[in-house]
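Take a look at the structure set out below.
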Amino acid sequence: MESQKSTSLQIPLSESMDSELYQCVSSGDYNTFLSLINSNPSLLHQTTVQNNTLLHVAAAFNQTSIAEEITRLRPSILYATNLKEDTALHLAARLGRFQAAEHLIKCAAKWHGGDDLEADDRNKELLRIVNVEKDTALHDAVRNGHGEIAKLLVKECPELVMYANGVEESPLFVAVEEDYLEIAQEILKVDLNCLYGGRDGANVLHAIIIRTLKRYTQNLIETPLRVYLALPVLYVNHFLPAVLDFIEKVLNKFPNILIEPDIYGWLPLHYAAYLGSKELVELILNHKPYMAYKKDKKGVPALHLAAQEGRSAVLKTFAKLCPDSCELLDSNDRTALHVAVANRQAYAVRKMLELGSFRNLVNQKDIHGNTPLHVAAIVGDYVIVMMLAANGSVDKKIMNKDGFTTNDIIRLNSKFSWYEKSFSIARLEFNGALRGMEQVLARKTRSNNKLLLGKEEPKANVTEQETSKSAIVLNNKSSDQLQKSQIWSELSDANLVVATIIATVTFSAAFQVPGGYQSDGMAVLRKEKYFRLYLISDALSFGFAAASMFVTFFTGLFGANSGFSYPRRWVTFLTGISVWFMVFAFMLGTSAVMAEDSGFAGLARSVACVSFIWPVVFLGAVAVNWFTYFP
């Protein structure tokens with residue numbers, strides 16, 4: 001490495017370009033350039049450290065007058081290449097130097113001359129030169145979005161559209177991948193059958209689906225409302241009309257492009273379904289309906305990819321145009337409904353149950369004998385379990401190959417909270433669910449399921465060293481759990497103290513009201529608007545604080561092995577709301593004892609509001625991280 005550095009720093013003068021010459025060429029100082037060349041013609045043969053000639057430098061800085069003089073004095077320099085085998089035309093195309101590129105093309109035609117076909121072919125030789133990456137000047141112009149130069153090159157040498165570079169990228173593929181549709185449109189106008197392939201076996205349709213599909217995702221926060229409504233994650237996926245028009249042109253020019261997979265076995269339909277483009281899925285299925293039944297190298301159909309990502313509109317399109325495609329199975333004998341449930345796509349599951357093509361598959365078993373209801377229980381999705389339990393077509397008594405019914409899985413699965421277990425089991429048993437006989441009689445299951453039993457099978461021929469390593473891992477896990485338990489214990493204590501203080505203060509404030517009492521025991525300000533709002537806020541603050549205290553106390557009645565987990569989010573929410581209402585009560589109480597037109601009352605309210613809100617806003621990001629690291 002050191003030797004390479006020293007070599008690069010100590011360049012012989014014969015291998016570097018004269019600094020004055022470089023400056024006058026790059027700045028366009030034509031007179032100085034002529035003076036230097038006339039005094040020493042050998043300067044025309046000088047190159048930079050990257051072997052760039054004077055023409056490369058002139059083209060890079062778009063100095064057409066100097067480039068014209070250089071090519072007049074030394075025409076062969078047109079075809080000279082640097083260390084990366086770039087011609088001056090490559091640099092002009094890459095940097096968007098239109099005048100320089102146009103001049104170089106004209107010089108090549110003028111130098112060869114002639115009107116016959118052979119002369120015309122020699123004229124295009126410069127345009128067909130490829131660099132070390134096998135890129136033509138057209139590749140460079142397209143990749144950098146220089147449409148005018150690309151249009152010029154295609155006009156002068158249309159067969160450039162048939163050149164692929166070292167990674168098999170055609171100019172059309174590069175234009176689409178870089179999202180330059182206008183350039184791609186110009187390439188499509190060429191009468192020749194241009195190449196449309198790209199790297200990794202992808203084609204231009206793969207690229208346009210990935211690059212131009214606009215996906216905007218708004219993730220819904222997990223709330224109790226989702227439990228009952230199974231609200232969707234909102235996706236807005238659309239193609240602009242210009243893009244759809246371009247796709248139609250591609251399909252018309254390359255009829256077989258739809259059936260060509262990439263190296264992963266994904267067809268354009270797979271990408272369209274995965275990214276959720278209802279319009280494009282419909283377009284593909286209308287052109288070639290049998291594409292719906294093709295699978296990738298892992299045995300996954302496009303339908304299953306849509307189910308995995310929760311693309312309900314795409315799933316509906318499959319059910320409408322190719323109803324029997326809903327019966328497709330992947331390599332694990334899973335239906336699309338299995339996949340949607342396994343990926344916790346509650347809204348998509350709900351929509352699939354409304355479609356007749358999927359409704360008949362609710363009791364289909366996968367390779368392990370699991371129905372979609374089993375899968376929902378295994379992944380611990382309470383929403384989907386309740387949704388399927390309420391469906392009359394779902395058989396709740398089916399056992400999988402391990403001998404578990406859904407009822408058994410929910411009882412053994414620690415992913416469910418205590419109330420989720422209670423409600424889901426009650427719902428299942430109300431609809432006729434049964435436990436497996438092995439579970440009722442406390443016998444061993446047909447096969448040990450590590451996920452549900454929470455036990456590791458003993459390994460044969462385990463050495464003492466391996467046993468000690470396992471013990472260390474288990475001890476570390478136990479230590480982490482103990483540490484986390486201690487953190488939550490401290491937080492619950494702190495929450496209980498805060499809630500108790502708030503409840504005490506608001507209880508006292510309800511009887512020691514602003515303005516005092518009259519002789520008959522009635523509040524002096526009882527008819528004032530702000531006083532009534534003060535009492536309401538105080539009551540709400542007291543109620544939420546008392547509820548937080550009760551929940552914290554209630555959880556202490558259950559042992560560690562009861563399956564009841566401390567509802568940390570709920571008590572934190574309750575205490576936080578009580579703090580807000582306590583602040584409101586303070587501001588309203590202040591307003592109640594002051595005149596409405598008093599500026600001091602407004603100042604007091606503002607000070608209280610600002611002093612409370614700015615720390616809350618400042619610590620908002622901390623709260624987000626808190627919920628992230630302690631889900």
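Scanning the range 318-376 for residues that are more than 27 Å from the chain's Cα centre (by Cα) and at positive phi turns up Asp333, Gly369. Residues that are at pLDDT 80 or above, charged (D, E, K, R) and exposed (fewer than 14 other Cβ atoms within 10 Å of the Cβ) within the range 109-147 comprise just one, Glu125.
Quick check on Lys124: is it free of Cβ contacts under 8 Å to residues at least 24 places away in the same chain and within 20 Å of Ala88 (Cα to Cα)? No; evaluated as a whole, the condition is false for this residue.
Yes/no matrix, rows are residues, columns are (1) open to solvent by less than 70 Å² (accessible area, probe 1.4 Å); (2) at pLDDT 60 or above:
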| position | (1), (2) |
| --- | --- |
| Leu453 | yes, no |
| Asn461 | no, no |
| Glu464 | no, no |
| Leu496 | yes, yes |
| Tyr534 | yes, yes |
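Report yes if some residue within the range 320-330 is within 26 Å of Pro241 (Cα to Cα), without any contact (Cβ under 8 Å) to a residue 60 or more places away in the chain, open to solvent by less than 50 Å² (accessible area, probe 1.4 Å) and of a type in the set (Lys, Arg); otherwise report no. No, the conditions are met nowhere in the range 320-330.
Conditions tested, residue by residue: (1) outside any loop (DSSP other than H, G, I, E, B); (2) open to solvent by 20 Å² or more (accessible area, probe 1.4 Å).
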residue: Leu337; (1), (2): yes, no
residue: Ala340; (1), (2): yes, no
residue: Arg344; (1), (2): no, yes
residue: Tyr347; (1), (2): yes, yes
residue: Ser357; (1), (2): yes, yes
residue: Ile378; (1), (2): yes, yes
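For first residues located in the range 175-187 and over 10 Å from Val243 (Cβ atoms) and at pLDDT below 95, partners that are open to solvent by 10 Å² or more (accessible area, probe 1.4 Å) and outside any helix (DSSP H, G or I) and lie 6+ apart or on another chain with Cβ distances below 7 Å form the pairs Glu178/Gly145; Tyr180/Gly145.
The values are calculated or read from the model by the stated rules, or taken from the named source; none is laboratory data. The model shown is predicted, which means the values in this text are computed figures rather than measured ones. Cβ sites come from the backbone with ideal geometry, for glycine too, and all protein chains shown count toward neighbours. Side chains included, ligands, DNA and RNA excluded: accessible areas come from the protein's heavy atoms. Shrake-Rupley method; radii C 1.70, N 1.55, O 1.52, S 1.80 Å.
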